[in-house]
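Let me begin by presenting the structure, written as structure tokens, before commenting on it.
The values are calculated or read from the model by the stated rules, or taken from the named source; none is laboratory data. Keep in mind it's a predicted model, so treat the numbers as computed, not measured. Positions of Cβ are backbone-derived with ideal geometry, glycine not excepted, and every protein chain shown enters the neighbour counts. Side chains are part of the model used for accessible areas, which takes the heavy atoms of the whole protein and leaves out ligands, DNA and RNA. Shrake-Rupley method; radii C 1.70, N 1.55, O 1.52, S 1.80 Å.
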Amino acid sequence: MELNSVKEMVVDTDARVGTDVLVVGAGPTGLALAVDLTRRGVPALVVERSAALFPGSRGKGLQPRTLEVLDDLGVHDAIQRAGGPYPVGMIWRDGERQAEHRMFDESPASETAPYGTPWMVPQWRTQEILFARLEELGGEVAFGRELVSLTQDADGVTARFAAGPPVRARYAVAADGGRSAVRRALGIGMTGETVDPSPTLVADVRVSGLDRDNWHVFPPAAEGGGFLALCPLAGTDDFQLTAQFPEGTDVDLSPDAIRKVVGARTHLAPDAVTEVRWASDFRPRTGLAERFRAGRVFLAGDAAHIHSPAGGQGLNTSIQDAYNLGWKLGAVLLDGAPEALLDSYEEERLPNAADMLGLSTRVHRGEVRRGAATQQLGLGYRDRTLAVETRTGLAEDALHAGDRAPDGIRDGVRLFDAFQGPRWTLLAVGTDADLPRLSGVRTVRIADHDAYGRGLFLVRPDGYVGWAGTSADGLAPYAAGVGLR
């Protein structure tokens, strides 16, 4: 059955009332969103068409901002144990090591940004960790549930599947990847471009005779060929193989063909590839959905934006979609926030995703290096509806409402610990101003912090400053608009 277009309809009487939020897709986006919702006490069901979690490495780099998000979601220790730092690149030619190659500009960790550089964890392992966290919180994933129709009305969404009972939910989130069936059902277009017409093979392989201290890069040896790289995947015995082919090539994903490519482009014999654990191919491209919301259905992750893998932005941008949407759904469903709060998801995330798409493309084309911009620590939501700055005369590089709230230890308090969990925090820095009593909001006073300056800062559950002022004047209307009392 083809997916039906989303449209107004009478509620189906045979659709079971199963959940507040239906999440379609059990990739990193869907799992991160489900973790965030479940820890808030929002009933959420993840449905996945496959029989198990995705098995490949694919997006393997977790940027510093994403590490902060995963810390808040309660999986920091597991992520640290599962991965490791990126190895230095090694350029090979004719079986000889030529030179080291730094894949990105490193930034040291600091007091305000405790994670300085990306951390390598294969995507399949990140998903396993998020899945385990979801189960720990009492959440669930229904595997083998292929969506065949999705309809919505004024009160909710009804989803039907090729097998199993229908599900009724108040909201639905499409986290079902770049070929999103939900996006197509909604009739939402996607604009983009082909970044590189040359197809690329990506595979997880076991290789003998190659050290794991470097990311091994083999440049094209002849005109019309393509590069090949073997990156040791931290925390595993595998290498991620990537190999580029001429435009128009029909890439053979069989183990024998993969062995032949390695034998032809490196100094290794074909049988050095002892196992092929997963393989796929893709054409680097970008895509941005025209909208991230249609009624009660939201797009997140690759369903909303498709990146070139260069720069490691796709998975990271996707997890932050989930982090942005989770607290807003919780505020509307549990805290009585106005439904209009959900409009801010598209307002904030669509321009952010567009910026990251442009950055990914420039990195792919060699126009910029991987560096501070790819770490995503500087991204924010200034000049958006939920960023209310009441102070005047601020320098451009000062902390504003809409910016990421920095870390730091003051007066025995670590700020990221104070911000931890699904609540808001009212931070008073260098002021004796009276702090209003807001239900469910932590209050923290510190004497000083250069990154903040002086004032009151209402920090959102996703770690961004929502409202800032020198006193609490004007805070009450903002608090009411986001479900705080």
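Per residue of the chain, what 222 nm ellipticity follows from adding -39500 (n - 2.57) for every DSSP H run with n ≥ 4, rounded to the nearest 500? -7500 deg cm²/dmol, from helical runs alone.
Considering every Cα-Cα pair within region 106-228, what fraction, in whole percent, is farther apart than 20 Å?
Numbers: 5359 of 7503 pairs.
Beyond 20 Å sits 71 percent of the P(r) for region 106-228.
Only Cα pairs under 8 Å and 6+ residues apart enter the sum, and on that basis the relative contact order of region 382-463 stands at 31 percent.
So what's region 235-362 giving for Rg/Rh, alpha carbon basis, Kirkwood Rh from the mean inverse pair distance? Radius of gyration over Kirkwood radius for region 235-362 works out to 1.15.
Using the 1.4 Å probe convention, the accessible area of region 10-153 works out to 41 Å² per residue with neighbouring protein chains retained.
In the chain, carbon and sulfur make up what percent of the accessible area (probe 1.4 Å)?
On the way: 9410 of 19820 Å².
Whole-percent figure for carbon plus sulfur exposure: 47.
Counting only Cβ charges, +1 for Lys and Arg and -1 for Asp and Glu, the dipole size of the chain around its Cα centre is about 420 debye. Distance from the alpha carbon centroid of region 275-294 to that of region 381-458 works out to 37 angstrom. Here the calculated FRET efficiency for D94 and A354, from their Cβ-Cβ distance with R0 = 56 Å, stands at 0.85, rounded to the nearest 0.05. Estimated translational diffusion coefficient (Stokes-Einstein, Kirkwood radius over Cα pairs, 25 °C, 0.890 mPa s) of the chain: 103 µm² per second. Taking Cα atoms, how many degrees apart are the long axis of helix 314-334 and the longest axis of the chain, rounded to 10 and kept between 0 and 90? That works out to roughly 30 degrees. Relative to the longest principal axis of the C-alpha atoms of the chain, give the angle of the C-alpha long axis of helix 28-40, reported between 0 and 90° and rounded to the nearest 10°. Roughly 30 degrees, rounded to the nearest 10.
Quick one: Debye curve from the C-alpha atoms of region 174-255, no solvent, what's log10 I(q)/I(0) at q = 0.16, 0.20, 0.21 Å⁻¹? Results for region 174-255 at q = 0.16, 0.20, 0.21 Å⁻¹ read -0.82, -0.99, -1.02.
Would you mind computing Rg(Cα) / (2.2 N^0.38 Å) for region 249-292, counting N as its residues? Let's see the in-between values first.
On the way: Rg = 15.5 Å, N = 44, 2.2 N^0.38 = 9.3 Å.
This ratio for region 249-292 stands at 1.67.
Placing one equal scatterer on every Cα of region 271-316 and applying the Debye formula, the log10 ratio I(q)/I(0) at q = 0.29 Å⁻¹ is -1.07. The calculated pair-distance distribution of region 26-105 uses every alpha carbon pair, bins of 10 angstrom beginning at 0, and gives 13, 34, 29, 14, 8, 2 percent.
Run the numbers on the chain and let me know its relative contact order in percent, using alpha-carbon pairs under 8 Å that are six or more apart.
Numbers: 1083 pairs, mean separation 80.1, N = 485.
Once normalised by length, the contact order is 17 percent.
Once R0 is set to 25 Å, what does the formula 1/(1 + (r/R0)^6) return for the Cβ-Cβ distance between D450 and D473, expressed as a FRET efficiency to the nearest 0.05?
E between D450 and D473, to the nearest 0.05, is 0.50.
Accessible surface calculations at 1.4 Å, restricted to protein heavy atoms, place region 217-313 at 41 Å² per residue. Directionally averaged projected area (region 395-442, Cα convex hull): 4.4 nm².
Here is the size of region 203-307 from its Cα atoms: Rg then Dmax, 17.3, 56 Å. Rolling a 1.4 Å probe over the protein heavy atoms leaves E111 with an accessible area of roughly 90 Å².
For Y464, the accessible surface of its heavy atoms amounts to roughly 10 Å² (probe 1.4 Å, protein chains only, rounded to the nearest 10).
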